[in-house]
Every structure is written in C-alpha cells, then in structure tokens.
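One structure is given below, encoded as structure tokens.
None of the figures in this text is laboratory data; all of them are computed from the coordinates on show. Not measured: the values here are computed from a predicted model. Because the Cβ atoms are built from the backbone with ideal geometry, glycine has one as well, and the counts that use them run over all protein chains shown.
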Amino acid sequence: MLFKYLFIITLVILFVPPVRRFVFYLLVGRQLVKEQKKQGDVSGGRREGDVRVDNRQKKDTNYPYKGGDYVDYEEVK
C-alpha cells in the first residue's frame with residue numbers, strides 16, 4: 001500500500017512540470033537565492049555598469065629608463 005503511494009508521488013513529480021518546478025525550488029532554489037544575495041553584497045554595493053577610476057601616483061622622475069630601442073619594421077601587404 002505504501003509502495004503504491006510512493007510510486008504515484010514519484011510519477012507526479014517526474015511528469016508534471018509545475019510540480020517539478022516547485023520541488024526543485026524547495027530543494028535548490030532557496031539556496032541559489034541566498035548565494036546570489038551574498039555575491040551582490042560582496043560586490044561593494046555598486047550597480048552594474050558603474051565606472052570607477054583610481055588615479056595613479058606620479059612616476060618617480062629619477063628613473064633612468066626613458067624609452068625603448070628603435071625597431072625597424074617591414075610593411076606587409
């Protein structure tokens with residue numbers, strides 16, 4: 001008798017899409033929502049598309065290297 005009920009419940013879960021979505025949400029969905037909220041909090045509260053520019057400090061003027069060597073090149077057609 002118990003086996004019959006378990007079999008019917010299993011068939012309903014496997015073949016009825018709304019029930020399957022609900023069961024998936026109960027098992028996995030809540031955990032996914034929690035993880036997404038954590039990721040949103042970690043991003044620093046900035047919205048997607050915001051641009052942040054950090055100014056670089058001026059380079060040391062005593063640094064002896066002022067450029068590279070000249071390299072010949074050949075134009076390829």
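For segment 2-42, a Kirkwood radius taken over Cα pairs fed into Stokes-Einstein (37 °C, viscosity 0.692 mPa s) yields D = 277 µm²/s. For the peptides 67-74, 21-28, the ranking by packing is 21-28, 67-74, with the highest mean count of neighbouring Cβ atoms within 10 Å listed first.
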